[in-house]
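**Student:** What follows is a single structure, and I will ask about it in a moment.
The values are calculated or read from the model by the stated rules, or taken from the named source; none is laboratory data. Predicted model only: the values in this text are computed from it and were never measured. So basically every Cβ, Gly included, is an ideal-geometry build from the backbone, and we count neighbours across all protein chains shown. Just so you know, the surface numbers come from the protein's heavy atoms only, side chains and all, with ligands and any DNA or RNA stripped out. Shrake-Rupley method; radii C 1.70, N 1.55, O 1.52, S 1.80 Å.
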Amino acid sequence: MRNTFVYKYSILRAVGATAAALLVCSCGANSSTAAVAAVGPTRTAAPAPTATPVPTATPVPTATPVATATPVPTGTPSPTATPSPTATPVPPLMSGNLQVGSNYIDFGTTGGIYEPAPGYGNFTIDVTSGEFATLGVTSGEGGQIQSLNEGTGTVTLPSAFITFNSGGSQYQLWATTIPAGMAGPFNYVQSGNTTTFTFQVEGYIENTNTSTNVGNFDLTFTFTYPGTPTQAFNNLPYNTPYTVTNS
C-alpha cells in the first residue's frame, strides 16, 4: 500500500510541475519578467571609453603678398621727323653782269661797260624753260637788257626791257612793275659773311610780228655781295654777276 501511495504521489508531483510550467509559459508579458527574475539581473555593458580628440593644428598664417610695383609707363618715342627733301636748284634762264648804285641798276655789256638807263647791256640764254619755253630762243644765244633807274611800282621805260638776237627775235619783254622789297626793290638773306640779294621785274611779252600780247613774265634777278647787307649798302656802287629765274 505504501509503495502504491508513493507511486501516486510521484505522479501527482510530476503532473503538478508540468502544469506549473505550462502556467508560467502562458502568462504573456509577466512571463518575461518572471523569467528575468528567475535568471537574475542583466549585466550592463561597460561603456566604451571616449576617444581623446586630436588637437586641431594651428593654421599657418598666410603670408602677406608683396605688392607688385606699378611699372613706369614707357614714354612713346617721338617719331623721327622726315627730313625735308633738298630743293633742286632752279637752272637760270639767263645770266650777265650788273652794277648796283644808290638809285639804279645798270647792266653790263660784253665789253665790261655798265650802260646807264636807257642804255642796254648784254646777257646770255642759259636754258629755255618757263617764260622762254615757247619763244624760239636757244641756249647760248644772246640778247639785250635795258638798265633801270626806276623806283618800285610802275615802270616807265621808253622801250622794250628785253630783246633777243636770233631765235625769238620777234618777241619783246616789256616791263610794267618792280615790286617793293625789304629795302627798295631788294630782298636779301645773309649767310655767314655773304648776302644774297634778289629783285623782281614783271611785265608782258609782245609778238612784234602781230603786235599782240602773247603772255606775261615774272623774272627774279639774283646776285651776291661778299659781306653783310649793311656793308653792301655802304659800299655802293659795286659790280657783280647775276642770274635770272622764273619767279
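**Student:** May I ask you to list pairs of residues, at least six apart or on different chains, whose Cβ atoms are under 8 Å apart, with the first in region 221-232 being modelled with pLDDT of 95 or more and the second being assigned to a helix (DSSP H, G or I) and hydroxyl-bearing (Ser, Thr, Tyr)?
**Tutor:** Matching pairs, first to second residue: none at all.
**Student:** Restricting attention to region 103-142, and to residues there that are β-branched (Val, Ile, Thr) and open to solvent by 50 Å² or more (accessible area, probe 1.4 Å), which single residue is farthest from residue 167 (Cα to Cα)?
**Tutor:** 113
**Student:** So is residue 245 touching a Gly at 6+ places or on another chain (Cβ under 6 Å), closer than 25 Å to residue 111 by Cα and surrounded by 14 or more Cβ atoms within 10 Å (Cβ to Cβ) or not?
**Tutor:** Considered against the rule, which asks whether it is touching a Gly at 6+ places or on another chain (Cβ under 6 Å), closer than 25 Å to residue 111 by Cα and surrounded by 14 or more Cβ atoms within 10 Å (Cβ to Cβ), residue 245 comes out as no.
**Student:** Can I ask one more? Just checking, which of 178, 205 is open to solvent by less than 20 Å² (accessible area, probe 1.4 Å), hydrophobic (A, V, I, L, M, F, W, C), touching a helix residue (DSSP H, G or I) at 6+ places or on another chain (Cβ under 8 Å) and on the phi < 0 side of the Ramachandran plot?
**Tutor:** The conditions single out 205.
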